[in-house]
Amino acid sequence: MSGHSIDPTRLLGRLARLGAIGRDQEYWLVRLAASDADKLGRDQFVSWLEAAGLEVAIDRIGNIFGIWAPEGVSDKAPLMLGSHIDTVINAGIYDGCYGVLAGLEVIETLKQAGFSPARPLVVAAFTNEEGVRYAPDMMGSLVHAGGLDIETALDSIGTDGSRLGDELKRIGYASDREPGFLKPKAYIELHIEQGPILEREGISLGAVENLQGISWQKVTIDGDANHAGTTPISMRRDAGHAAARVITFLRQRARASDTPTVATVGCMAFEPNAINVIPSRATFTVDLRDPDEQRLREEEGALARFLDTLSAEEDVTISVERLARFEPVRFDAGIVTSIEAAARARGLPCRRMTSGAGHDAQMMARIAPAAMIFVPSKDGISHNPKEFTADADLVAGANILLDVVQALAGKE
């Protein structure tokens, strides 16, 4: 245990203050990437960085960095903390924001305590982690890690027809600094779990040792539109029925498995979408996730084989488009062990776990040792105004982050 603790009033107050920025007329929290509301959130965060005496740096993709580089260590690779402050539509106040503001709180606490780090400490707020307005999600960290070309990212067209590069310039968060200018020695992200496991088991902390692989696909099934009352079932080329068979197949396969594989159909549209017309086209998404790459490939293969069989049985044409594909990530064992040690020192129960959601940490793990700390989420709810984590858990998580940072940054 470090002997220091964060300032709970400051951390919780900032979470509430940031959570009040970007409310619409219905009081929904909506800070989509590079929007006017996002600008207001960014401006508030930058003002806190400046008040803490940190150097503020912004790169071409709009990532924001608050840098503490004491004399004598500025040439060393930094220890980076962070997450994101953009939100989904009608969001809660913790997702992403907690990790960013806790990172700032940790640096301020150590700075005020007279701690002398052996390397710079940096807090990062990455652009467009949620991917609601621009695709792909986790964009800022992906560009920073070299996984997506900056020009391609800036040319992304949003759901409202806007270009990301133009919007970043409009809100004042376009810079000439190239992404990746800071290559961290290590990266740590503190986050709410966004799942029910910690709360259900009564455990205060999760030391996240790996992150599920993600496979996103869009499936289009083409049949024939025809009258719902006059066309015999045996003569139908029903795209809607074929789509329903895919959903059932995915659900039954996942439930029958003893693995942590999950499958979700989250979006679906029929054409012509009329009550008395057999659907001529069904378009839907498939989200497959598993922490093991081989198993994820097996699930992708099983879906592909089923679609081939389905096409023949239902006399429909099926096409598949790959939307996104991320391999599972195994986080750094040494940092995970440090998280567990910090929890023991503070007398807090901790368990190793897998993240079912994507995070900036999975991108940063491409270029540096990385790991995550989870705190409980009430009822496992996230991306929702009901998203809630108790103040005591928020403070505990930030103190564990503080201890881990001090352990990692206090030595070569």
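The values are calculated or read from the model by the stated rules, or taken from the named source; none is laboratory data. Remember, predicted model here, so these are calculated numbers, not experimental data. Neighbour counts run over all protein chains shown; Cβ positions are idealised from the backbone, glycine included. These area figures cover heavy atoms from the full protein model, side chains too; ligands, DNA and RNA do not enter into them. Shrake-Rupley method; radii C 1.70, N 1.55, O 1.52, S 1.80 Å.
Worth pointing out:
- Solvent-accessible surface (1.4 angstrom probe) belonging to Thr220, in square angstrom, nearest 10: 20
- Hypothetical label at Glu321: residues of segment 194-224 whose amide nitrogen lies under 18 Å (7 Å Cα-Cβ projection): 215-223
- For the chain, the carbon plus sulfur part of the accessible surface works out to 49%, probe radius 1.4 Å.
- Taking Cα atoms only, the orientation of helix 97-112 departs from the longest principal axis of the chain by about 10 degrees.
- The loop-placed trypsin sites (Lys or Arg not before Pro) in segment 1-105, going by DSSP, that have at most 16 neighbouring Cβ atoms within 10 Å of their Cβ come out as Lys76.
- Distance between segment 24-79 and segment 298-318 - C-alpha centres, whole angstrom: 46
- In the chain, taking the dipole from charged Cβ atoms about the Cα centre, the farthest positive-side position among Ala113, Phe331, Gln44 is held by Ala113.
- Between helix 333-345 and the chain: long-axis angle, C-alpha atoms, 0 to 90°, nearest 10: 60
- Summing Lys and Arg as +1 and Asp and Glu as -1 over all other residues whose Cβ lies under 12 Å from the Cβ of Thr283 gives a net charge of -1.
- For segment 319-386 versus segment 269-288, the spacing of their alpha-carbon centroids is 35 Å.
- Most simply put, the chain has about 65% antiparallel DSSP beta bridges, counting only bridges with both residues inside it.
- Between the C-alpha center of segment 175-227 and that of segment 93-122 there is a gap of 23 Å.
- Helical content of the chain, expressed as a calculated mean residue ellipticity at 222 nm, amounts to -11000 deg cm²/dmol (DSSP H runs of 4 or more residues, -39,500 (n - 2.57) each, divided by residue number, nearest 500).
- Interchain or long-range residues, amide H under 5 Å from Asn210's placed H: Phe331, Met353, Ser355
- Under a model in which nothing but the beta-carbon of Lys, Arg (+1) and Asp, Glu (-1) is charged, segment 24-151 shows a dipole of about 340 debye around its Cα centre.
- Contour excess over end-to-end distance, with Cα ends at Arg200 and Thr309 and 0.36 nm allotted per residue: 35.2 nm
- Highest-MSF residue in the chain out of Gly140, Gly161, Gly99 [GNM, Cα springs under 10 Å]: Gly161
- Dipole of the chain, positive end: most advanced residue of Pro385, Leu12, Leu211 [Cβ charges, Cα centre]: Leu12
- Charge dipole of the chain (Cα centre as origin; +1 on each Lys and Arg Cβ, -1 on each Asp and Glu Cβ, all else neutral): 540 debye, rounded to the nearest 20.
- The three principal axes of the Cα atoms in segment 213-326 give end-to-end lengths of 48, 24, 19 Å, sorted in falling order.
- For the options Ala125, Ala392, Ala228, a Gaussian network treatment of the chain with springs between C-alpha atoms closer than 10 Å singles out Ala228 as fluctuating the most.
- Listed residue (Gly96, His144, Ile318) projecting farthest to the positive dipole end of the chain, Cβ model: Gly96
- Over all other residues within a Cβ to Cβ distance under 15 Å of Glu178, the charged ones net out to -1, with Lys and Arg as +1 and Asp and Glu as -1.
- GNM remark for the chain: springs join alpha carbons under 10 Å apart, and the peak mean-square fluctuation among Phe126, Phe249, Phe388 falls on Phe249.
- Accessible area per residue for segment 213-326 is 55 Å², calculated with a 1.4 Å probe on protein heavy atoms, without ligands, DNA or RNA.
- Amide H within-cut-off set for Glu130, under 5 Å, with H built and near neighbours excluded: Met138
- Total formal charge among the other residues, if their Cβ is under 10 angstrom from that of Gly66, Lys/Arg +1 and Asp/Glu -1: -3
- Cα long-axis angle, helix 8-19 against the chain (0 to 90 degrees, to the nearest 10): 40
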